[in-house]
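These notes are about the structure you will find just below.
What follows draws every value from the coordinates through simple rules; no lab data is involved. Bear in mind that the values here come from a model prediction, so they are computed numbers and not experimental data. Cβ sites come from the backbone with ideal geometry, for glycine too, and all protein chains shown count toward neighbours.
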Amino acid sequence: MGADPVYAQAATRLGQAIAARGMTLVYGGGSVGLMNTTADAALAAGARVVGVIPELLRSREVMHEGLSEVHVVQTMHQRKKMMADFADGFIALPGGLGTLEELFEIWTWRQLGYHNKPVGLLNVQGYYDGLLDFLAQSHEQQFVSPEVLGLLVIDDEPDRLIDRMGSAQPVSDDPWWRMREVI
């Protein structure tokens, strides 16, 4: 849940914002952490919430029991693929290694053209400022193009983030156009 209650408050606002827009929340199906808080808030506000959880986590009894729909899969790879297929966009809340891994994977998939869905980062209370500084350094050192950085929608307020993601346009139909200039 993080050290500061502001993270859980933002997760609650995100769930409420999803419900207010008539959206469905698709997430990992767990009953712990900020995504559980988001799921509970979305459910309480009337949203449909779909969970996708690997059998290993279900057997460890961390599956949310009150979801609208649950899919149990065998592997994390199946879980991520199914969530990506179901989702119309992706938002990373403050989190740990799993959150970072999923953020970078789905952002990379976007860069490679495996999907054309918006990717958002909820930067609550500057949680991701250090990461954003690192990404700026990656750009300065010419490892990441500004077009690829521009694929990530960043905001510190859930409502604004969702609105900005809804109006996000792809930088290019061919995400590799910039790479050809370098190669």
**Prompt:** Under 5 Å between amide H atoms, partner at least 5 residues away or on a different chain: which partners does Val153 have, H built in plane at 1.01 Å?
**Reply:** Val119, Gly120, Leu121
**Asked** Angle, helix 129-140 long axis vs. longest principal axis of the chain, Cα atoms, 0 to 90°, nearest 10?
**Response** 30
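What is the percent of Cα-Cα separations in the stretch 22-130 that go past 17 Å?
Working: 3208 of 5886 pairs.
Value for the stretch 22-130 (Cα pairs over 17 Å): 55 percent.
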**Request:** Return one number: the angle in degrees, 0 to 90 and rounded to the nearest 10, between the long axis of the Cα atoms of helix 76-86 and the longest principal axis of the Cα atoms of the chain.
**Result:** 80
**Request:** Name the long-range amide H neighbours of Val52: under 5 Å, sequence gap of 5 or more, or other chain; modelled H, no Pro or chain starts.
**Result:** Tyr27, Gly28, Gly29, His71
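What's the longest piece of the chain with no exposed chymotrypsin sites (Phe, Trp or Tyr not before Pro), counting a site as exposed if DSSP puts it in a loop and it has at most 16 other beta carbons within 10 Å?
On the way: sites that count: Tyr114, Phe143, Trp176.
Of all site-free stretches, the longest is 1-113.
Working out 0.36 nm times the residue gap between Ser68 and Ala20, then minus their Cα-Cα distance, what length gain in nm do you get to one decimal? Intermediate values should be presented prior to the final figure.
On the way: separation 48, 0.36 × 48 = 17.28 nm, distance 1.67 nm.
Extra length available between Ser68 and Ala20 comes to 15.6 nm.
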**Request:** With everything on Cα atoms, drop me the angle between helix 5-20 and the longest principal axis of the chain, reported from 0 to 90° to the nearest 10.
**Result:** 90
**Request:** Treating each Cα of the stretch 70-124 as an identical point scatterer and ignoring solvent, apply the Debye formula and state log10 I(q)/I(0) at q = 0.17, 0.19, 0.27, 0.29 Å⁻¹.
**Result:** -0.55, -0.69, -1.22, -1.30
**Item:** Cut-off 18 Å (backbone N to label point 7 Å along Cα→Cβ of Arg58), residues of the stretch 1-39
**Value:** 26-32
**Request:** Calculate one ³J(HN,Hα) per residue across the stretch 95-108 by plugging θ = phi - 60° into the Karplus curve 6.51 cos²θ - 1.76 cosθ + 1.60, and present them in order as whole Hz with x for glycine and proline.
**Result:** x, x, 4, x, 5, 5, 4, 5, 4, 5, 5, 5, 5, 5
**Request:** Counting only DSSP beta bridges with both residues in the chain, tell me the antiparallel percent, nearest 5.
**Result:** 5
**Asked** So which trypsin sites (Lys or Arg not before Pro) in the stretch 1-61 are both in a DSSP loop and have at most 14 other Cβ atoms within 10 Å of their Cβ?
**Response** Arg21, Arg60
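Can you give me the orientation-averaged projected area of the convex hull built on the Cα atoms of the stretch 117-170, in nm²? Provide the component values of the computation, followed by the final result.
Details: hull surface 14.6 nm².
If I average the Cα hull's projected area over directions, I get 3.7 nm².
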**Complete:** the chain: Kirkwood hydrodynamic radius (Cα pairs, Å) comes out at 17.1
**Request:** Can you list which of the GluC sites (Glu not before Pro) found in the stretch 23-81 are DSSP loop residues with at most 10 other C-beta atoms within 10 Å?
**Result:** Glu61, Glu65
